[in-house]
């Protein structure tokens, strides 16, 4: 599901979280995914489309888990990057991004809290 989610972005592109929600994200990504799926056999095309739709609906435990990892992975990338490359808006966003996606599961909540602590340590070191 995680890989399928990213397939759509091959044509649709990735959207910067700090720019806010993309209003027509579903439509843009669905169109991108359709370009890929048309080259596959029908069975695989249907299976991949079904996984993508499940991810987008965010109703199953698996889709919630994958969405949470997708959000937290973005913060981990920022924490690995030189803080001088961060935009001002990213500093605040790193502290809250993905929180709503991790609160449904105790382990994911702890994981997100650890990532937040890592962000705070990184910001504190920069101020020294």
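The values are calculated or read from the model by the stated rules, or taken from the named source; none is laboratory data. Since this is a predicted model, take the numbers as computed values, not measurements. All Cβ positions, glycine included, derive from the backbone under ideal geometry; neighbour counts span all protein chains shown.
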Listed by range, helices (runs of 4 or more DSSP H) wholly within the range 68-128 having at least 1 residues that are closer than 18 Å to residue 2 by Cα and in contact with a helix residue (DSSP H, G or I) (Cβ under 9 Å, 6 or more places away or on another chain) are 99-102, 106-127
Got at least one residue in the range 34-50 being within 17 Å of the chain's Cα centre (by Cα) and outside the structural domain of residue 108 (by TED's automatic domain parsing)? no
Somewhere in the range 34-46, is a residue assigned to a helix (DSSP H, G or I) and closer than 30 Å to residue 123 by Cα? no
If only one of 83, 48, 28, 75 is touching a residue at least 24 places away in the same chain (Cβ under 8 Å) and surrounded by fewer than 18 Cβ atoms within 10 Å (Cβ to Cβ), which one is it? 83
